[in-house]
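Participant: Here it is, the structure, as structure tokens.
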Amino acid sequence: MHYLKSFVMTLSLFVLTVPVIQAGDVEDINSMVKKKVAVIFDLLGKQDIEKNERNEKIVGELNEIMDFQLAAYLSLGKHWKKISKTQKKEFVETFQQYINNYIVEKIDLYTNQKIDIGDSKIVKKGRAELEIGILSGGETLQVNFKLRKNKKKEWRVYDVDIEGGSLITTFPPPFSGGLKNSSFEELLEKLKNPTEQS
């Protein structure tokens, strides 16, 4: 189960690449998510391209659509208001690179797991959720993707719940808590070089 959760956490980042969808069209959300998942799994299964190239394409899918600004803001919580504009920009960039590195490290966890995509629902104005089941070895994990419509009227995934655990609060490591015992500069250093931390 620990392995499966690790895989699901990585897969969740892949599926964060939900395409741009116009206001509240549930059928379009369902259809386009399925298409995006198919693209990602097709890339994962390709044997005719180098691993680095494949990984770069998958990371590109994520970076094109993921709302790193909102995710970074939510991960810092109340500490976001305490840092400067320059620090916010640096944190978002570091946050994004941290996630990208995690994807590259964990990408080989893919072993033909099957995905059951449920129906999306509008939970309130400008907010939607989509449930997905990850099936592997007789076990199923429930994953809930949270989407928000931005100022451009585009839908973006900003958080993922895995069996009740939020991506923002549990992965990457809770940044907000990290600032309680260290400076902003120390937190950035930990994110840039996570393997060097104890």
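Please treat every number below as a calculation from the coordinates, not as lab data. Model, not experiment: these values are computed from the prediction. Note: ideal-geometry Cβ built from the backbone for every residue, glycine included; neighbour counts use all protein chains shown.
Participant: Given the peptides 85-94, 47-56, 139-148, arrange them by the average over their residues of other C-beta atoms within 10 Å, most packed first.
Facilitator: My ranking of the peptides, most packed first, is 139-148, 85-94, 47-56.
Participant: Please list, or write none, the lysines whose alpha carbon is within less than 26 Å of the alpha carbon of residue 151, excluding same-chain residues fewer than 8 places away.
Facilitator: Once the sequence-local lysines are set aside, what remains near residue 151 is 34, 35, 36, 78, 81, 82, 85, 88, 89, 121, 124, 125.
Participant: State the extension gain, in nm to one decimal, for the chain segment bounded by residue 101 and residue 85, taking 0.36 nm per residue of separation less the distance between their alpha-carbons.
Facilitator: Full extension from residue 101 to residue 85 adds 3.3 nm.
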